[in-house]
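The values are calculated or read from the model by the stated rules, or taken from the named source; none is laboratory data. Quantities reported herein were computed from a predicted structural model and do not represent experimental measurements. Please note: Cβ atoms are built from the backbone with ideal geometry, for glycine as well, and neighbour counts cover all protein chains shown.
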Amino acid sequence: MPPHLPRLLALGLALTCAGAVTVNQTASTYTFANDRVSFAVVKSNGYIRNLIFDGVSVLGTLSGNAGQLYTDFPSNGFALTGASEGKVVQGKNYAGIVLTDNDTATGSLVQRSWFLRDGETGLHSFVRLAYYNDTPKGALGEVRTMFRPNGGPWATLVTNAEQWAPTPGAEAVANEVQVQDATWYLGLTPSDAYVQQESDYFTKYSFADNQTNKAHGLYGQGPDGTPIGAWWVVNQKDTFFGGPFHVDLMVDGIIYNKQSTSHGGATSPNITNGFDRTFGPQFLYLNRAPNARYMTYCQRDDSTLLSTCDLRSLHDLLADAEKYADPSWNAEFYDEIAPYVHGYVPTRARGSFSANIQVPHGATDVIAILSANGVHFQVCSIPSHLEYVLKRHLQDSAADPSAYQYWVTDARDGVVNIDRVKAGTYRLTVSASGIFGDYVQDSVEIKAQRNTHVRATWVPESAGTELWRIGVPDKTAGEFKNGWERDTTHPRQPSKYRIFWGAWDFPNEFPGGVNFTVGKSDESRDWNYVHWSQYGPTYTRNDTVTDINRWTINFDIDTHTARRLTSHSVVTFTIQLAAAKTTAGNTDADQGAYPSFPINTYVNNETDPLSWTIQPYESSSCGERSAISCHLLTKKFQFPGTWLKEGANQLVLELPHAAPVYVQYDALRLELQ
């Protein structure tokens with residue numbers, strides 16, 4: 001074998017130097033190092049410990065699973081065997097390890113790959129999951145790779161440039177009061193930096209984000225006071241599921257890289273014989289600020305607010321990490337190691353996509369998405385509970401758990417360019433703020449090393465003359481009260497939806513429920529981001545309020561419009577939901593007292609409502625988990641124009657009384673044809 005080509009070394013052989021990356025072993029570990037980063041891989045389970053960056057221990061000390069970097073499977077879809085087989089890969093300027101857990105009894109295989117390059121201060125990560133057994137395994141569920149420190153230099157949680165806050169201190173944690181799963185009241189320690197800056201409540205969900213996130217992580221200072229950061233850089237998202245709006249955990253003291261999840265009502269594929277998918281690459285990146293630039297003017301003080309030094313360096317280090325969130329970054333290196341990362345799609349098997357879409361007037365924030373053909377972009381494949389319902393409407397090829405996903409979020413004027421697309425057949429979806437519905441085109445074929453171009457005109461949905469709308473159709477409930485609205489009582493001023501929902505006492509803000517008058521009410525003040533069926537108890541409220549399940553929309557019909565309200569006219573009422581939560585939660589299971597529930601709409605004095613039943617597989621724990629966009633749903637109702645009248649009219653939106661369910665509206669519209 002020529003000396004410049006990588007060589008694959010089986011465990012037990014003597015290991016040497018790969019350029020400036022060295023590999024050494026003991027009886028229990030492998031140690032990888034370049035001139036700035038070193039780490040140990042435990043032979044038995046593949047966990048990473050003793051990660052050192054420029055002399056700083058960034059994982060801290062070992063305590064249980066804390067103090068390590070590792071992949072696990074909370075849904076038990078896969079598992080490690082406890083006897084990982086490792087192979088070390090060495091090239092001219094890199095070294096890595098491929099760890100295989102092959103459970104021959106069940107046909108399950110887990111393969112984790114880590115690579116360190118000369119001159120880089122980070123680790124490249126891949127995870128492969130495969131299943132070869134005729135017995136179906138069930139849904140994949142949650143798969144995650146976690147940077148889980150125990151100690152170390154970390155003091156600040158960073159979701160993105162807007163959402164960050166100090167980590168709660170030890171005293172606050174010792175005196176915390178649990179108010180919900182993974183949610184605590186910290187107001188008993190008012191001097192804590194987190195309480196002073198961010199909120200009296202802490203929940204990991206406050207630091208979630210959707211899949212447009214480029215990098216997220218932890219910020220702190222090394223022993224010499226130099227700012228330091230640890231970041232999961234999401235440089236390639238095509239192997240994930242759920243599309244750009246899917247929300248998941250980012251950081252809560254642990255930095256998460258979520259390969260698959262059910263959070264936010266997301267679907268994951270069913271694991272059947274032949275399932276074989278490789279997630280990645282993603283990049284765990286470590287950086288620090290140059291001493292000379294920062295330490296000359298930074299003065300530490302006793303303020304609980306981050307100093308100007310901290311604030312500037314936090315954003316600088318995050319921006320530095322985000323630069324690598326580019327699928328073309330390190331593409332040549334990934335092609336080089338592709339023979340050792342089973343399932344990674346190299347450049348030669350990828351093409352590109354471009355489009356010119358004439359978007360409707362008024363469309364802003366245009367997003368173009370390539371996803372699994374024949375199904376909504378939030379669905380990676382047909383889940384088992386939907387197969388019976390949908391197989392009449394979809395070809396078998398639509399159920400494709402091998403499908404990848406791509407998007408651009410800045411498709412101004414409908415111009416779309418997406419590079420490095422895996423060859424295959426996709427659905428194109430174009431979405432925009434301000435426009436009801438989407439543009440959808442199936443069977444877009446991408447060929448390797450070729451560009452596929454689409455020209456199309458997006459004709460917006462219309463059912464006649466629009467009489468009114470409430471909200472902005474943007475797939476979120478953010479524009480409503482307690483959504484994007486800022487909490488001005490804390491210096492960080494987080495968006496209110498990010499804080500535990502019990503901080504905003506709905507019965508006091510909307511006694512008896514929402515009563516909204518079109519043309520007079522302000523949706524940012526007079527329409528809440530969650531329509532609760534019942535509310536409470538919370539930390540500040542001991543009772544449960546149940547007279548809030550009916551919301552009223554008041555609107556007038558003028559004389560000119562009233563003349564069109566004949567027996568031949570048709571009124572269309574559209575409800576777009578950003579989320580709906582049944583007692584199924586995120587499980588899709590038929591469980592609890594209300595696994596499904598109706599949203600009833602009463603028109604004026606009509607006794608029979610327009611009814612829409614939310615199913616268990618449409619449920620998402622969204623508002624309770626500090627989110628404003630989860631599993632997206634749409635329903636259109638049509639009724640005779642004679643149900644309306646000149647002058648005052650009402651629609652009443654009703655949820656079941658005293659039920660543990662809720663919905664979050666994206667937008668509503670009334671049209672007359």
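Considering only the range 65-86, state which residues are buried (at least 17 other Cβ atoms within 10 Å of the Cβ) and either aliphatic (A, V, I, L, M) or over 23 Å from the mean Cα position of the chain (by Cα) (or both).
Gly67, Gln68, Leu69, Leu80, Thr81, Ser84, Gly86
Which of the residues belonging to the range 350-375 are surrounded by fewer than 21 Cβ atoms within 10 Å (Cβ to Cβ) and either part of a strand (DSSP E or B) or not assigned by TED's automatic domain parsing to the domain that holds Ala423 (or both)?
Gly351, Ser352, Ser354, Asn356, Gln358, Thr364, Asp365
Please go through the range 654-673 and pick out each residue that is crowded, with 19+ Cβ neighbours inside 10 Å and either within 29 Å of the chain's Cα centre (by Cα) or without any contact (Cβ under 8 Å) to a residue 60 or more places away in the chain (or both).
Result: Leu655, Val661, Tyr662, Val663, Gln664, Tyr665, Asp666, Ala667, Leu668, Arg669.
Go through the range 183-217 and report how many residues are within 30 Å of Phe241 (Cα to Cα), acidic (Asp, Glu) and surrounded by 23 or more Cβ atoms within 10 Å (Cβ to Cβ).
0
Given the criteria modelled with pLDDT under 95 and surrounded by 17 or more Cβ atoms within 10 Å (Cβ to Cβ), does Gly96 qualify?
no
Restricting to the range 181-193, name every residue that is among the hydroxyl-bearing types (Ser, Thr, Tyr) and closer than 24 Å to Ser621 by Cβ.
Those that are among the hydroxyl-bearing types (Ser, Thr, Tyr) and closer than 24 Å to Ser621 by Cβ: Thr183, Tyr185.
Return the residues of the range 420-476 that are among the polar types (S, T, N, Q), in a loop (DSSP other than H, G, I, E, B) and more than 27 Å from the chain's Cα centre (by Cα); say none if nothing qualifies. Step through it out loud before you land on a result.
Taking the range 420-476 first, the residues among the polar types (S, T, N, Q) are 425, 429, 431, 433, 441, 443, 449, 451-452, 457, 462, 465, 476.
Checking the rest, the ones that are also in a loop (DSSP other than H, G, I, E, B) come to 449, 462, 476.
Gln449, Ser462 - these are the residues of the range 420-476 that are among the polar types (S, T, N, Q), in a loop (DSSP other than H, G, I, E, B) and more than 27 Å from the chain's Cα centre (by Cα).
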